[in-house]
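Only one structure is covered here, and it is reproduced in the block below.
The values are calculated or read from the model by the stated rules, or taken from the named source; none is laboratory data. What you see is a predicted model, and the numbers here were worked out from it, not measured in a lab. All Cβ positions, even for glycine, are placed from backbone atoms using ideal geometry, and neighbour counts span all protein chains on display. Each accessible area value is taken on the protein alone, full model and side chains, heavy atoms only, with ligands, DNA and RNA left out. Shrake-Rupley method; radii C 1.70, N 1.55, O 1.52, S 1.80 Å.
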Amino acid sequence: MLTILCIATYFKGEAFLRECRRLGCTVLLLTVDSLAAAAWPRDAIDEIHTIRRDASDPDIRRSVDAIVLKHRVERIAALDDFDVETAAMLREHLQVTGIGRTIASGFRDKLAMRMRARAMGLRVPEFSPVFNDQELHDFTGRVSPPWVLKPRSSASAIGIKKVANRDQLWRALEAAGDARSSCVLEQFVPGDVYHVDSIMGNGAVVFAVAFKYGRPPMEVSHQGGIFITRRLPDDSDEGRSLLEVNRRLQDGLGLQRGVSHTEFIRAAADGAYVFLETSARVGGAFIADAIDAATGINLWREWAKIDVARRARRLRAAAAAPRLRRRCPVARAAGGAGPVRVQRPRGRQDDPQASSCRRDRRLAGSAADRSADRRLHAALLPRLLRDRAAAGAPGRVIKRTLKNVWSPERRNRRDVDVYLPASYRATRSRYPVVYMHDGQNLSDPGTAFAGTWELDATLERLAQRGIEAIVVGVHHVGADRLVEYSPFSDRRHGGGDADAYLAFLAQSLKSRIDRTFRTRPERDATVMLGSSMGGLVSLYAYFRYPSVFGRAGVMSPSIWYGQGAVLDFIEDARTPPGRLYLDVGTHEGAGTLRDARRAGRLLVKKGFARDRRHRRARRPRATQPGPDRRSTHKGRPRLRYLEHAGGRHNEADWASRLDGALEFLLD
C-alpha cells in the first residue's frame, strides 16, 4: 500500500485526500497547530501530525523523521502554494520521487520563473532583481514607469505594490529593509489577464483549460470588487494561443506529475501574450469549482490519480508476479530479449568507475594529495605533449577561453573553453553546439587529469567529412564536481544538485554562447556530451530539459550513483524527440556494463529505434519487428548503443569513441 504525506498549512485539498484514500493509499496529513481541529475529512486520513506555523526547516525535518520511523513515505504532496518548497525540501531529505528545490523554485520564485521563461523564448515583462542599486538605476532609466514591486515567493497578488516613480520605488525598498532581496521589480503591462490550469503527467501537459478573468486579480485585491473568471473555447484564437504558450512553458519547467496554475496577460499595446507567473497548485478562490463545472474535470481528484495511481498499479502488479530466481547477468546488447528490470548492484569493489569518486575526493583532499597530483601531472605532461605532436595537432581549430564565468544558479565561477570550427572566420554560417563536461580534459594536457580527449584533432577529422560544430567545454569546479553532476543524492557520496548545474547550462551559459557566437540555438542543434558522472548528467539532461537539449552523448555513465535513481526517472519521463548515443567498455567492471545494458533496454522499451550498423557487441535478438515513425529521428534510428570490446574507464578510450559519437549526433 502506497503511503502519501500531504502538507497543508491552509485548509484545502479535501477532494485530494479523499481520492488518495479511494485509491488505497495510507494518507498522512502534516498541518499547522491552528488547523488541527479543522473539518478535515478524517475518514480519509490515517494520521494527522502538526507543526508550528513558524517552524524552521530543521524543525520540520525532525517532525517528519519521527513520522517515517513508522511509515515508509513514497509520495509527498503540497496542497497549497506556500507548501511547495517545504515538500521539495522533504523529498530531497527523504529521497522521495518528485520535484526538488531547484525545480520548485521555478513555481515559487517570481524571479526564477521569469528568467526560465525568458530563456525558453517566451515573452515576459521587463524585469530586474533588486540586489544592486546600479542595476536598478539602469532598469528605471531604460524602462518607463509605472512598475510593479512583487514579493518573489508570495502567492497571487499578495504583497504586490504598484509604483509610479523612482521616489516611490526607493521608499518601498527602504521600507522592505532586510527583505528587499526577496522582491523583484518589473514593468507594469496593461491588458487583459488570463489563467491556464494544467494537469501534468510524465512531464507533459495531459489536460489544460484557459480562462479569462473579469478584472485582473491585482485590481480586485487592491481596489475591491467581484472575482469573476470565464472559460475560453479551446478552438478560439485566444484559447489556442494560450494553450500553446502554456505548453511551451510547462515543457521547460520540469514538473513531471501534478497541477499548475499559470497567469498570462495580453498586452494592450500589441496583443501579445506575456507570461506573468505560475505555481504548482490548484488555483485559489473558486477556480477549481469553475473548471469542474465547465469541463467535468476535478483538478484535485485527477491530480491524486496521476500522482499515485500508476505507482499503486505497479505495486499491485509486483505483488501478484511470481518470484523470479536470481541469476547471473547475461552479456547482451541493449534491446536484447529479456525483461527490462532495474537491479541495484550490491557493491562497486570490482567497478573501475569508482575512480571518478576517488578523483573528486583527491581534489578536495589534503596538501599531500594535491602535491601527489602535481607530481603526476609533471610526470605525464612531457609524454602527453610528445604524443600530441606525433599525432600532428591540426592547429586550425580556434579555441577561446571565457574566464571565470559566473553561475547565478550555483553561485560559483568556472572557465569555459569554446572550440570554433576552422571555417568560422571564413563564412557567416551558423553551427550546432555541443556542450561537454569536464572541460579541463578535452585538449590541454596541462589541465587534464590523465590524458586528453584530443578534441581538436577529432574536430578536424569530422570537418574533413563535412561535419562541423561549436564545442563548449565546461570546466568542472573541483570538489563540487560530484555535487553538480549528480541528479540524485547518493547515500555514501551525497550530491544531487544537477538541476542547478543544468539550469546554469540551459539558461545563463547557453544564452551567453548564443549571443556571442554564430550558433544554431534550436533544440535539435544543441547537444550535451560527457563520460562517467558527465555521462550520467548528460543522460538526465536529455530527459530533464527536452526543450533545450535535443541530442545527448552518454559515455560510460555512472548509473550506480544515487542507487540507480536515474533509471526510475527515465521510466517515468515522457520520451523526447532527438537522438541518444550510449556506450560502455566491456572492461569497465561488471556493474558499469550491466547498468549500461539496462539503460539501453529501457530506452528501446520507451521507443528508441537502435542503429544496428555500428556496434562491437554480439548481435541480440530484436524485440520488435522494426522501428515505427516515432522511434526514428529524421528517418534514422534514434539510439546508437555501443560496447567497446576491451574498453576501460579512462580518457583514452573515451577519446577513441568520440569521433563516432559526434558523427552520429551531428550528422
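Take the residues in region 572-602 that are among the charged types (D, E, K, R) and either without any contact (Cβ under 8 Å) to a residue 60 or more places away in the chain or not in a helix (DSSP H, G or I) (or both); name whichever of them is surrounded by the fewest Cβ atoms within 10 Å (Cβ to Cβ).
Across region 572-602, the extreme among qualifying residues is Arg574.
Hey, among the residues in region 512-534 that are part of a helix (DSSP H, G or I) and under 17 Å from the mean Cα position of the chain (by Cα), which one's farthest from Gly564 (Cα to Cα)? Full working, then the answer.
Residues of region 512-534 part of a helix (DSSP H, G or I): 512-516, 523-525, 533-534.
Applying the additional criterion that residues be under 17 Å from the mean Cα position of the chain (by Cα) yields 523, 533-534.
Details: Arg523: 27, Met533: 12, Gly534: 15 Å.
In this case the residue turns out to be Arg523.
Being charged (D, E, K, R), at negative phi and assigned to a loop (DSSP other than H, G, I, E, B) narrows it down to one of Arg116, Arg123, so name that one.
The conditions single out Arg123.
In region 638-652, which residues are more than 17 Å from Asp524 (Cβ to Cβ) and either of a type in the set (S, T, N, Q) or out of contact with any Ser or Thr (no Cβ under 8 Å at 6 or more places or on another chain) (or both)? Before the answer, list the steps.
First, the residues of region 638-652 that are more than 17 Å from Asp524 (Cβ to Cβ): 641-652.
Within region 638-652, Tyr641, Leu642, Arg648, Asn650, Ala652 qualify.
Per-residue answers, yes or no, for (1) closer than 16 Å to Phe664 by Cα; (2) open to solvent by 10 Å² or more (accessible area, probe 1.4 Å); (3) in contact (Cβ under 8 Å) with a residue 40 or more places away in the chain:
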position	(1), (2), (3)
Thr526	yes, no, yes
Ser531	no, no, yes
Leu536	no, no, yes
Tyr540	no, no, yes
Gly553	yes, no, yes
Pro557	no, no, yes
Trp560	no, yes, yes
Gln563	no, yes, yes
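Just checking, which of Arg518, Arg597 is more than 21 Å from Tyr485 (Cβ to Cβ), in contact with a Pro (Cβ under 9 Å, 6 or more places away or on another chain) and of a type in the set (D, E, K, R)? Lay out the reasoning, then the answer.
Working: Arg518 fails: in contact with a Pro (Cβ under 9 Å, 6 or more places away or on another chain).
Only one candidate passes the filter, namely Arg597.
Among the candidates Arg428, Arg492, single out the residue that is free of Cβ contacts under 8 Å to residues at least 40 places away in the same chain, more than 19 Å from the chain's Cα centre (by Cα) and open to solvent by 10 Å² or more (accessible area, probe 1.4 Å). If you could, list the steps in order and put the result at the bottom.
On the way: Arg428 fails: free of Cβ contacts under 8 Å to residues at least 40 places away in the same chain.
Going through Arg428, Arg492 in turn, just one is free of Cβ contacts under 8 Å to residues at least 40 places away in the same chain, more than 19 Å from the chain's Cα centre (by Cα) and open to solvent by 10 Å² or more (accessible area, probe 1.4 Å): Arg492.
Output the number of the condition that Ile67 fails; it satisfies all remaining conditions of (1) outside any helix (DSSP H, G or I); (2) open to solvent by less than 30 Å² (accessible area, probe 1.4 Å).
(1)
Looking for something closer than 20 Å to Val84 by Cβ, out of contact with any helix residue (DSSP H, G or I) (no Cβ under 9 Å at 6 or more places or on another chain) and surrounded by fewer than 13 Cβ atoms within 10 Å (Cβ to Cβ) - is there at least one such residue anywhere in region 159-180?
yes
Give the residue that is surrounded by the fewest Cβ atoms within 10 Å (Cβ to Cβ), with candidates limited to residues of region 133-158 that are under 34 Å from the mean Cα position of the chain (by Cα), in contact (Cβ under 8 Å) with a residue 24 or more places away in the chain and over 25 Å from Arg281 (Cβ atoms).
So the residue we want is Val143.
Residue pairs, Cβ under 7 Å, 6 or more apart or interchain, first in region 261-287 and closer than 20 Å to Pro151 by Cβ and polar (S, T, N, Q), second open to solvent by less than 20 Å² (accessible area, probe 1.4 Å) and in a loop (DSSP other than H, G, I, E, B). List them.
Taking only residues 6 or more apart or on different chains, the pairs are Ser279/Ala155.
Kindly indicate whether Ala36 is open to solvent by less than 80 Å² (accessible area, probe 1.4 Å), more than 21 Å from Leu94 (Cα to Cα) and not charged (D, E, K, R).
Yes, satisfied.
For region 291-308, give me each residue that is open to solvent by less than 20 Å² (accessible area, probe 1.4 Å), touching a strand residue (DSSP E or B) at 6+ places or on another chain (Cβ under 7 Å) and either of a type in the set (A, V, I, L, M, F, W, C) or under 15 Å from Val196 (Cα atoms) (or both). It would help to see each step written out before you state the result.
First, pick out the residues of region 291-308 that are open to solvent by less than 20 Å² (accessible area, probe 1.4 Å): 291, 299, 303-304, 307-308.
Of the ones still in play, those that are also touching a strand residue (DSSP E or B) at 6+ places or on another chain (Cβ under 7 Å) are 291, 299, 303, 307-308.
If the condition is that a residue be open to solvent by less than 20 Å² (accessible area, probe 1.4 Å), touching a strand residue (DSSP E or B) at 6+ places or on another chain (Cβ under 7 Å) and either of a type in the set (A, V, I, L, M, F, W, C) or under 15 Å from Val196 (Cα atoms) (or both), then Ile291, Leu299, Trp303, Val308 are the ones that fit.
Report whether or not Gln95 is polar (S, T, N, Q) and farther than 21 Å from Asn202 by Cα.
No: the conditions fail for Gln95.
Evaluate region 23-33: report whether one residue or more is free of Cβ contacts under 8 Å to residues at least 24 places away in the same chain, open to solvent by 10 Å² or more (accessible area, probe 1.4 Å) and farther than 15 Å from Glu302 by Cα.
The answer is yes, given that some residue of region 23-33 is free of Cβ contacts under 8 Å to residues at least 24 places away in the same chain, open to solvent by 10 Å² or more (accessible area, probe 1.4 Å) and farther than 15 Å from Glu302 by Cα.
Only one of (1) assigned to a loop (DSSP other than H, G, I, E, B); (2) touching a His at 6+ places or on another chain (Cβ under 8 Å) fails for Ala38. Which number is that?
Condition not satisfied by Ala38: (2).
Can you report the number of residues in region 181-193 which are open to solvent by less than 50 Å² (accessible area, probe 1.4 Å) and part of a strand (DSSP E or B)?
Applying the first criterion (open to solvent by less than 50 Å² (accessible area, probe 1.4 Å)) to region 181-193 yields 183-186, 189, 191, 193.
Filter once more, keeping what is part of a strand (DSSP E or B): 183-186, 191, 193.
Residues that pass the stated criteria total 6.
Hey, among Phe139, Phe131, Phe127, Phe107, which residue is of a type in the set (A, V, I, L, M, F, W, C) and within 26 Å of Val32 (Cβ to Cβ)?
Step by step, each of Phe139, Phe131, Phe127, Phe107 is checked, and only Phe107 is of a type in the set (A, V, I, L, M, F, W, C) and within 26 Å of Val32 (Cβ to Cβ).
Checking the condition more than 29 Å from Val148 (Cα to Cα), surrounded by 20 or more Cβ atoms within 10 Å (Cβ to Cβ) and either modelled with pLDDT of 90 or more or among the acidic types (Asp, Glu) (or both), which residue from Ala77, Ala112, Ala117 passes?
The unique qualifying residue is Ala77.
If only one of Ser198, Ser153 is among the small types (Gly, Ala, Ser) and modelled with pLDDT of 90 or more, which one is it?
Ser198
Of everything in region 84-100 that's free of Cβ contacts under 8 Å to residues at least 40 places away in the same chain and within 13 Å of Asp57 (Cα to Cα), which residue is surrounded by the most Cβ atoms within 10 Å (Cβ to Cβ)?
Ala88
For region 541-568, which residues satisfy the criterion of being over 23 Å from Ala590 (Cβ atoms) and of a type in the set (Ser, Thr, Tyr)?
Of region 541-568, the ones over 23 Å from Ala590 (Cβ atoms) are 541-553.
Within region 541-568, Tyr542, Tyr545, Ser547 qualify.
What helices (runs of 4 or more DSSP H) lie completely within region 194-310 and have 1 or more residues being under 24 Å from the mean Cα position of the chain (by Cα)?
Helices (runs of 4 or more DSSP H) meeting the threshold: 237-253, 299-304.
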